[in-house]
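J.: A single structure is presented below for examination.
Bear in mind that the values in this text are calculations on the coordinates, not laboratory data. All values reported here derive from a predicted model rather than from experimental measurement. Note: ideal-geometry Cβ built from the backbone for every residue, glycine included; neighbour counts use all protein chains shown.
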Amino acid sequence: MAAPSRAELVRIIFDILRTQLLSVGDEFTERSSLVDAGLDSLAVTQLLLAIEEATGVWVDESLLTPENLASAESLAACVYELQRRAS
């Protein structure tokens, strides 16, 4: 299986957030604040597990900075970098 592109990672993470973890409306986008959308510590743990299941990339909790958790887009950039380093 080929590693997902950065754009695919954005879509994957956005879909996980929208369909599995957050109760958000149509105003929620790939650039929306995850904290403002209700992402809490339990949801972060679930998100990391879902990302690993979907992509095979484990995101260490030390990388969960406010910058990386700012939006689905910023988290996807972090996952993309981890994926590139691993290959």
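J.: Can you confirm whether residue 45 is of a type outside the set (Lys, Arg) and farther than 18 Å from residue 4 by Cβ?
T.: Taking the combined requirement at face value, the residue satisfies it.
J.: Go through (1) over 10 Å from the mean Cα position of the chain (by Cα); (2) touching a residue at least 12 places away in the same chain (Cβ under 8 Å); (3) not in a helix (DSSP H, G or I) and name the single condition residue 59 misses.
T.: With respect to (1) over 10 Å from the mean Cα position of the chain (by Cα); (2) touching a residue at least 12 places away in the same chain (Cβ under 8 Å); (3) not in a helix (DSSP H, G or I), residue 59 is out only on (1).
J.: Any idea which of 70, 54 is in a loop (DSSP other than H, G, I, E, B) and surrounded by 14 or more Cβ atoms within 10 Å (Cβ to Cβ)?
T.: 70
J.: Hey, can you tell me all the residues within region 1-43 that are aliphatic (A, V, I, L, M) and assigned to a loop (DSSP other than H, G, I, E, B)?
T.: 1, 2, 3, 22, 24, 34, 35, 37, 39
J.: Quick check, is residue 29 surrounded by fewer than 17 Cβ atoms within 10 Å (Cβ to Cβ) and either in contact with a Cys (Cβ under 9 Å, 6 or more places away or on another chain) or β-branched (Val, Ile, Thr) (or both)?
T.: Judged against the criteria, residue 29 is a match.
J.: I've got another one for you. For region 2-23, give me the residue count where each residue is under 12 Å from the mean Cα position of the chain (by Cα), touching a residue at least 24 places away in the same chain (Cβ under 8 Å) and buried (at least 17 other Cβ atoms within 10 Å of the Cβ).
T.: Matching residues across region 2-23 total 8.
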